[in-house]
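> Got a structure here, written out as structure tokens. Questions coming.
The values are calculated or read from the model by the stated rules, or taken from the named source; none is laboratory data. Since we're looking at a predicted model, the values are computed, not measured. Glycine gets a Cβ as well: all are built from the backbone with ideal geometry, and neighbour counts include every protein chain shown. Only protein heavy atoms, including side chains, enter the accessible area calculation; ligands, DNA and RNA are left aside. Shrake-Rupley method; radii C 1.70, N 1.55, O 1.52, S 1.80 Å.
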Amino acid sequence: MAETNNKPTDKPTEGEAVRERLKTSDLIPRLLCVLIAVVIWLYVMSNESPDYERTFSGVTVAIENTALLSSEYDLSVISGYGERADITVTGKKSDLISYSLEDIIPSVDVSGITEPGKHQLSISVTTPDGCATNSVSPTSIEIYVDRIATKTVPVKVNIVSVQHDQSITLGVTTPDVSAVTVSGPATVIDAAEAAVVDLELGELTTGVTARGALRVVTEEGATIDNPYLTLSQNSVGVNVPVYIEKEIPIMVGTKYGYFNESNAVISVTPKKLTVRADPALLAGVESFEIATIDEKQINSNETQIVSINLPDGVENLSGVSSASISVTHKNTVKKSIVVDDVSIRNPNNLKYTLLTDSVNVVLRAPTDIADKLTSADVRLAAELNYSGITGVVQVPVTVTVSSEYTGTVYELGEYAVSVMIEK
């Protein structure tokens with residue numbers, strides 16, 4: 001006989017299945033509604049809430065009504081410019097994130113100041129519409145106000161340290177400007193007496209130009225250390241000369257080199273000069289040549305007085321401004337020779353007539369040679385270097401002595417011949 005199964009089945013009924021499907025389909029819209037609500041809430045709190053904060057750090061504090069301060073009371077703001085503050089503002093995030101430092105304006109007003117001195121002024125802040133100031137740090141700044149004064153003071157040089165050889169003397173230092181203008185609070189400027197440049201020169205062997213910063217000092221020499229003091233220039237250059245004194249012989253040169261120990265004696269009075277100059281100018285200098293003698297212009301023994309002119313930068317300490325130069329011939333004589341052969345050079349092909357038949361040339365020659373000289377040993381040459389000139393002209397003549405006597409025999413004076421230049 002078959003056994004009957006009476007166990008209950010797990011399969012839900014049709015009604016239960018319908019109800020289950022309804023629950024599942026309703027959950028998704030509900031979740032979406034919740035999610036959208038959360039997003040909207042977050043957006044409103046982040047962008048539309050009026051309680052969002054933002055801090056602007058290091059905003060420069062403006063100083064207002066300085067022109068009024070100057071015009072009404074003859075006062076100027078000495079310090080307070082460039083002070084900064086941190087400003088915290090509240091408002092909508094969507095607004096605040098679009099602002100920059102230029103939109104937040106902290107300021108102090110100096111229109112209420114009537115007397116010089118230091119003043120503590122509260123900072124006020126101007127913000128864009130829809131934005132409110134929450135906090136300011138600091139809440140105030142100190143403003144220093146005074147009357148501005150200007151004064152011209154001399155520049156003085158203070159040599160802090162220098163070393164040099166005992167033979168060297170330090171000269172008078174000269175700054176590149178003799179005075180500067182100082183400006184600042186009247187009470188400070190009244191005490192200003194000079195602007196000093198301090199120089200540490202080290203070891204000097206020659207003159208130098210040094211540069212140094214200026215400091216303003218009182219009559220007693222105390223430095224005025226005031227941050228509101230300004231100078232027309234903050235530094236100066238200083239010429240620092242150094243000198244050495246030295247006794248140096250003086251001598252005379254010759255134009256052609258004909259004079260030597262065997263045929264002439266040249267004496268100079270004074271023989272030496274005491275001079276002062278930068279050591280670099282006198283380095284290697286053994287003597288000074290004060291004049292150059294033209295041997296061809298000295299016919300006989302003679303004495304000349306010449307001015308003593310020394311190189312630039314060399315000072316004559318001897319107290320004499322001129323020298324006596326004596327020339328004495330020895331072992332030479334003068335000899336006259338008539339020369340009638342004159343060579344004419346005519347580069348422009350002029351039509352001319354030589355009017356001079358002969359030239360009397362005076363020579364100076366060693367005594368043992370003079371008697372041997374003849375007109376054959378002397379050549380004369382002239383050049384007609386003219387253009388557009390007619391009539392009688394004096395043409396300079398060049399005298400040339402035979403090469404056998406070069407350097408020992410020479411003409412005295414200058415010579416010319418007469419030439420008629422025709423059209």
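> Which condition number does VAL197 fail, the rest of (1) surrounded by 13 or more Cβ atoms within 10 Å (Cβ to Cβ); (2) assigned to a strand (DSSP E or B); (3) more than 22 Å from the chain's Cα centre (by Cα) being met?
(3)
> Of the residues VAL172, VAL157, VAL162, only one is assigned to a loop (DSSP other than H, G, I, E, B), open to solvent by 20 Å² or more (accessible area, probe 1.4 Å) and over 27 Å from THR66 (Cβ atoms); which?
Exactly one residue qualifies, and that residue is VAL172.
> Let me ask you something else. When only residues in the range 399-418 that are of a type outside the set (A, V, I, L, M) and touching an Asp or Glu at 6+ places or on another chain (Cβ under 8 Å) count, which is nearest to ASP371 (Cα to Cα)?
As a first pass, look at the range 399-418 and keep what is of a type outside the set (A, V, I, L, M): 400, 402-408, 410-411, 413-415, 418.
Keeping just the survivors that are touching an Asp or Glu at 6+ places or on another chain (Cβ under 8 Å) gives 402, 404-405, 410.
Working: SER402: 15, GLU404: 15, TYR405: 13, TYR410: 15 Å.
Looking at the filtered set, the residue picked out is TYR405.
> Let me spell it out: the conditions are (1) at pLDDT below 95; (2) in contact with a helix residue (DSSP H, G or I) (Cβ under 9 Å, 6 or more places away or on another chain); (3) assigned to a strand (DSSP E or B), and VAL182 meets all of them except one. Which number is the exception?
Unmet for VAL182, out of (1) at pLDDT below 95; (2) in contact with a helix residue (DSSP H, G or I) (Cβ under 9 Å, 6 or more places away or on another chain); (3) assigned to a strand (DSSP E or B): (1).
> Filter the range 103-131 down to the residues that are modelled with pLDDT under 90 and out of contact with any Phe, Trp or Tyr (no Cβ under 9 Å at 6 or more places or on another chain), then identify the one that is nearest to PRO185 (Cα to Cα).
The residue in question is ASP129.
Here's the yes/no breakdown for (1) surrounded by fewer than 17 Cβ atoms within 10 Å (Cβ to Cβ); (2) more than 28 Å from GLU315 (Cβ to Cβ); (3) at pLDDT below 95:
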| site | (1), (2), (3) |
| --- | --- |
| PRO249 | yes, no, no |
| LYS255 | yes, yes, no |
| TYR258 | no, yes, no |
| ASN263 | no, yes, no |
| VAL268 | no, no, no |
| THR274 | yes, no, no |
| ALA283 | yes, no, yes |
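> Could you please tell me which pairs satisfy a Cβ distance under 6 Å, a separation of 6+ or placement on different chains, a first residue in the range 331-350 that is of a type outside the set (A, V, I, L, M), and a second residue that is assigned to a strand (DSSP E or B) and open to solvent by 50 Å² or more (accessible area, probe 1.4 Å)?
From residues that are of a type outside the set (A, V, I, L, M), the pairs are SER336/ASN360; ARG345/GLU383.
> Another one. Please enumerate the residues belonging to the range 311-362 that are touching a Lys or Arg at 6+ places or on another chain (Cβ under 8 Å) and among the acidic types (Asp, Glu).
Listed by number, the residues that qualify are GLU315, ASP341.
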